[in-house]
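J.: The structure follows.
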C-alpha cells in the first residue's frame, strides 16, 4: 500500500514575530580632515622667510678679494759714503755713517810629500870575541869589521875589549857586544846572522884570534824619503797662493758667522797679513810627509745695515719719477771699500743700490669702478689697465659671481711682486 504523504501547513499569522525595540545610540561628532595645503602653509612661510634672509645675507655679507701684480721697472743709484769709527750716528747730510773695525784670523795648512831621497845604512850588533890576550884593550870608534860576504861594517862607539881568561893553562875567550852600522847605505847590507873578522888585523896573527859573529840580521839598509829645501820652499809658495785664492771666501765665511747682529760688510776683503809660517819638518829630515802652515789675519770695516739701507732709500727716492712708488722689499745694495785707513778709523764706502718701482693707483677710485660688476666684467676691466701685468679675483661665497656694491667689502692687495 503506497505511503501517504501529509503536508503540514502553518498559518502565517500564528507565527508572526513581534518587532524588537531599537536602541538609539548618541551620534558621534565627525570632524573634517585638513587638506595638504593647509598643512604645508606654515612650512612654506618658514622657507620663504629663511630664503629671504639668506638672499639678504648674501648681498649684505658677500665680499671680493682682488690681487694685482703691477708692471715693474728698476732704477739704480750710486753714492760715496764715509765710514767713521768715531761717529756715533749717521749724518745723511754729510754722507757719514758709523762703523767698526773687525779683526779675525785663520790658519791655512796642508800636508806635502818629501821629494828627496837619502841612503840608509843597515845596523846591527856584532859579538866580538878575544882569544888573543888577557889584557884589556880599547879600540877606536869606526873600527871596521868585514863579513864573510865581504861587507864592511863600522863600530858606532869606542870598543873596550875585555882580556881573555886563563883556565888550566888554556885561554878562555872573552867577548863584548859591539853596535855597528854598514860602511855604505843600501839594502844589500841587510845581512842574515853571519861571521865577521877585524879588517885591520888581516895578514897578522891577530886576524884569527879576534873574530865576531852576529846572532840577529842586520836591518834598515836601503833608501828613505828626505825633506829638501826645495820641498819647504814649494810648500810655502803653494800655501801662500791658496791663501790668496781663498782669502775672500774665507773672510766672508768668518764675517757671516762672527759679525755682530745688524751689521754688514763689503764684498771684497783684501788686506790679509801673514803672521807666521812653519813646517813640521826641517830641511834634511827623513820624513815621507810633512805639514806646512801659514797663520794670517785680516782687518776690515763693518757698518750698520739699517742705516746704510736708509741712506740707499734716500738717494733712490730722489730718482723715482712722479706717479711711481718704490717697492723697497726689492731693495738690493752692493758695497765696496776704498781708501781704508785703519789708523784713523776711516774708509770710503762705494754704495750701489737698485730697487723696483711701479705705478701708483687710487684704490678708492678703483673700488668704485669695480663695485657691482660681475666677475667677468671686473676681470675684463682690470686686464685692460696698462699698469697691471697679472690679476686674480676671488669672491665669497665662491659661487657668487659678482663684486659687492659696498666698497668696504672689496679687498685689493697691491702690489704683489714675484
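J.: Condition (residue is modelled with pLDDT of 95 or more and in contact with a helix residue (DSSP H, G or I) (Cβ under 6 Å, 6 or more places away or on another chain)) applied to region 56-69: is it met by at least one residue?
T.: No, because not a single residue in region 56-69 is modelled with pLDDT of 95 or more and in contact with a helix residue (DSSP H, G or I) (Cβ under 6 Å, 6 or more places away or on another chain).
J.: Residues of region 156-166 being more than 60 Å from the chain's Cα centre (by Cα) and either modelled with pLDDT under 95 or not in a strand (DSSP E or B) (or both), which ones? Steps first, answer last, please.
T.: Within region 156-166, the first condition is being more than 60 Å from the chain's Cα centre (by Cα), and the residues that meet it are 157-166.
Those that are more than 60 Å from the chain's Cα centre (by Cα) and either modelled with pLDDT under 95 or not in a strand (DSSP E or B) (or both): 157, 158, 162, 163, 164, 165, 166.
J.: Across region 355-382, what is the total count of residues that are closer than 30 Å to residue 79 by Cβ and either in contact with a helix residue (DSSP H, G or I) (Cβ under 8 Å, 6 or more places away or on another chain) or in a helix (DSSP H, G or I) (or both)?
T.: Residues of region 355-382 that are closer than 30 Å to residue 79 by Cβ, as a first pass: 355-360.
Retained after the next criterion (residues that are either in contact with a helix residue (DSSP H, G or I) (Cβ under 8 Å, 6 or more places away or on another chain) or in a helix (DSSP H, G or I) (or both)): 355.
So the count comes out to 1.
J.: Can you tell me which of 341, 406, 362 is within 30 Å of residue 103 (Cα to Cα) and without any contact (Cβ under 8 Å) to a residue 40 or more places away in the chain?
T.: Details: 406 fails: within 30 Å of residue 103 (Cα to Cα); 362 fails: within 30 Å of residue 103 (Cα to Cα).
Going through 341, 406, 362 in turn, just one is within 30 Å of residue 103 (Cα to Cα) and without any contact (Cβ under 8 Å) to a residue 40 or more places away in the chain: 341.
J.: On the basis of being over 14 Å from residue 65 (Cβ atoms), surrounded by 14 or more Cβ atoms within 10 Å (Cβ to Cβ) and in contact with a strand residue (DSSP E or B) (Cβ under 7 Å, 6 or more places away or on another chain), does residue 417 make the cut? Walk me through how you get there before you give the answer.
T.: Details: over 14 Å from residue 65 (Cβ atoms): yes; surrounded by 14 or more Cβ atoms within 10 Å (Cβ to Cβ): no; in contact with a strand residue (DSSP E or B) (Cβ under 7 Å, 6 or more places away or on another chain): yes.
Here the answer is no, as residue 417 does not meet what is asked.
J.: Right, next: Which residues, taken from region 81-99, are surrounded by fewer than 16 Cβ atoms within 10 Å (Cβ to Cβ) and assigned to a strand (DSSP E or B)?
T.: The one that is surrounded by fewer than 16 Cβ atoms within 10 Å (Cβ to Cβ) and assigned to a strand (DSSP E or B): 91.
J.: What number of residues within region 233-266 satisfy the criterion of being farther than 30 Å from residue 116 by Cα and out of contact with any helix residue (DSSP H, G or I) (no Cβ under 8 Å at 6 or more places or on another chain)? It would help to see each step written out before you state the result.
T.: Quick first cut of region 233-266, residues farther than 30 Å from residue 116 by Cα only: 247-266.
With the extra rule that they be out of contact with any helix residue (DSSP H, G or I) (no Cβ under 8 Å at 6 or more places or on another chain), the set shrinks to 247-261, 266.
Qualifying residue count for the region: 16.
J.: Then there is this: Would you be able to tell me the number of residues in region 109-128 that are buried (at least 18 other Cβ atoms within 10 Å of the Cβ) and part of a strand (DSSP E or B)? Outline the logic, then answer.
T.: Initial filter on region 109-128 (buried (at least 18 other Cβ atoms within 10 Å of the Cβ)): 112, 114, 120-122, 124, 126, 128.
Next, from what is left, pick out any that are part of a strand (DSSP E or B): 112, 120, 124, 126, 128.
Residues in region 109-128 being buried (at least 18 other Cβ atoms within 10 Å of the Cβ) and part of a strand (DSSP E or B): 5 in total.
J.: Filter region 132-155 down to the residues that are assigned to a loop (DSSP other than H, G, I, E, B) and surrounded by 15 or more Cβ atoms within 10 Å (Cβ to Cβ) and list them by number.
T.: 132, 133, 143, 151
J.: Another question, then. Take residue 209 and decide whether it is touching a residue at least 12 places away in the same chain (Cβ under 8 Å) and outside the structural domain of residue 151 (by TED's automatic domain parsing). Reasoning before the result, please.
T.: Values: touching a residue at least 12 places away in the same chain (Cβ under 8 Å): yes; outside the structural domain of residue 151 (by TED's automatic domain parsing): no.
No; evaluated as a whole, the condition is false for this residue.
J.: Also: If I go through region 253-281 residue by residue, how many of them are out of contact with any strand residue (DSSP E or B) (no Cβ under 7 Å at 6 or more places or on another chain), in contact (Cβ under 8 Å) with a residue 12 or more places away in the chain and over 19 Å from residue 240 (Cα atoms)? Lay out the reasoning, then the answer.
T.: First, pick out the residues of region 253-281 that are out of contact with any strand residue (DSSP E or B) (no Cβ under 7 Å at 6 or more places or on another chain): 253, 256-257, 260-261, 270.
Adding the requirement that they be in contact (Cβ under 8 Å) with a residue 12 or more places away in the chain leaves 260, 270.
This time we only want the ones that are over 19 Å from residue 240 (Cα atoms), so: 260.
Summing the residues that are out of contact with any strand residue (DSSP E or B) (no Cβ under 7 Å at 6 or more places or on another chain), in contact (Cβ under 8 Å) with a residue 12 or more places away in the chain and over 19 Å from residue 240 (Cα atoms) in region 253-281 gives 1.
The values are calculated or read from the model by the stated rules, or taken from the named source; none is laboratory data. In this text, all values refer to a predicted model and were calculated from it rather than measured experimentally. Note that we place each Cβ from the backbone using ideal geometry, even for glycine, and neighbour counts take in every protein chain shown.
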